[in-house]
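First comes the structure, then the notes that go with it.
Just so it is clear, none of the values below were taken in a lab; they were calculated from the coordinates. The structure displayed is predicted, hence computed values, not measured ones. A quick note on method: Cβ atoms are made from the backbone with ideal geometry, for glycine too, and the neighbour counts reach across all protein chains shown.
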Amino acid sequence: MKYVDTSIKTANLNTTYPIITSVEISGMDNSIAASGYPMATDATNLLPNRVADNGMKRANKLASAPSGSGHDCFLKGIVVQMDVTFSEKAWPEAQRYHWFDFVSSMSTMHMLPKMHIKYIEYTDPEIIKRFEELVAAYNEEPTRENWLRMIYSYPSGLLLTARITTNYMQLKTIYHQRRHHRLPEWQEFCDWVEGLPHSKFITGKTEEYK
């Protein structure tokens with residue numbers, strides 16, 4: 001089963017740029033069914049079209065196991081692809097996660113002088129002004145010296161978009177580590193996680209099956 005949502009917008013940031021777009025989720029039913037394999041005597045009884053309340057009860061119980069215990073491994077099979085727009089301050093923190101894989105991303109190394117640059121709202125206008133002066137200087141005289149001044153001077157509030165592949169197990173770790181992070185981008189990201197299908201697998205919050 002695939003879920004697609006391209007309407008996730010920022011709320012906490014009070015901006016109009018989308019932080020999460022073009023979302024695709026796959027592997028949900030097959031992974032819920034596969035969560036029963038360790039205790040199965042016949043795998044044919046666990047086909048996805050037989051995922052019923054008992055399968056969901058099992059999945060909810062396994063998903064609630066502590067991260068790293070191994071009991072929630074079926075969450076790896078629920079794959080999430082999305083476009084993420086973060087500031088250069090938030091991206092290094094995202095890159096620490098093993099299963100938060102970059103499919104492709106915008107490149108400051110290749111395209112910075114030509115980018116239609118956007119910034120998170122907290123970026124100081126004077127810093128933006130100075131950086132844009134350096135961009136203009138490079139575009140007027142594209143020397144190595146001007147390029148280095150420009151590339152080392154862009155603000156950490158500069159926004160870049162990347163296509164990301166991850167899964168529910170990785171999102172579970174991210175959610176619990178970042179839910180109360182000081183950067184509003186992470187708070188917004190966690191708000192989005194709470195709206196995913198069967199988000200209790202990740203957050204442990206809403207009980208969909210009793």
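Compute the FRET efficiency between Lys57 and Ser156 as 1/(1 + (r/R0)^6), taking r as their Cβ-Cβ distance and R0 = 41 Å, and round to the nearest 0.05.
Values: r = 45 Å, r/R0 = 1.10.
So, using R0 = 41 Å, E works out to roughly 0.35.
For the stretch 110-191, chymotrypsin sites (Phe, Trp or Tyr not before Pro) are listed when DSSP marks them as loop and at most 13 other Cβ atoms sit within 10 Å of their Cβ; the list is Tyr122, Tyr152.
Remark: the His110-Leu148 segment gains 12.4 nm on full extension, using 0.36 nm per residue and subtracting the alpha carbon distance.
So for the stretch 107-151, what are the equivalent ellipsoid semi-axes in whole Å, largest first, each being the square root of 5 times an eigenvalue of the Cα gyration tensor? Write out the running numbers ahead of the final one.
Values: eigenvalues 71, 29, 13 Å².
Equivalent ellipsoid semi-axes, largest first: 19, 12, 8 Å.
For the pairs Lys61/Lys172; Lys89/Lys114; Lys172/Lys205, note any where the Cα-Cα span goes beyond 18 Å. Table pairs above 18 Å Cα-Cα are Lys89/Lys114. Residues His116, His198, His98 in ascending order of nearby Cβ atoms (within 10 Å, fewest first): His116, His98, His198. Each of Ile127 and Met39 was given a label point 7 Å from its Cα along the Cα-to-Cβ line. The distance between the two points is 5.2 nm.
Percent relative contact order of the stretch 69-189, based on C-alpha pairs within less than 8 angstrom and at least six residues apart? Numbers along the way, then the final one.
On the way: 138 pairs, mean separation 59.0, N = 121.
Reported relative contact order: 49 percent.
Once the C-beta distance of Arg163 and Cys73 is scaled by a Förster radius of 25 Å, the resulting FRET efficiency is 0.50 to the nearest 0.05. Label sites at Glu93 and Tyr17, each approximated as a point 7 angstrom past Cα along Cα to Cβ, lie 1.6 nm apart.
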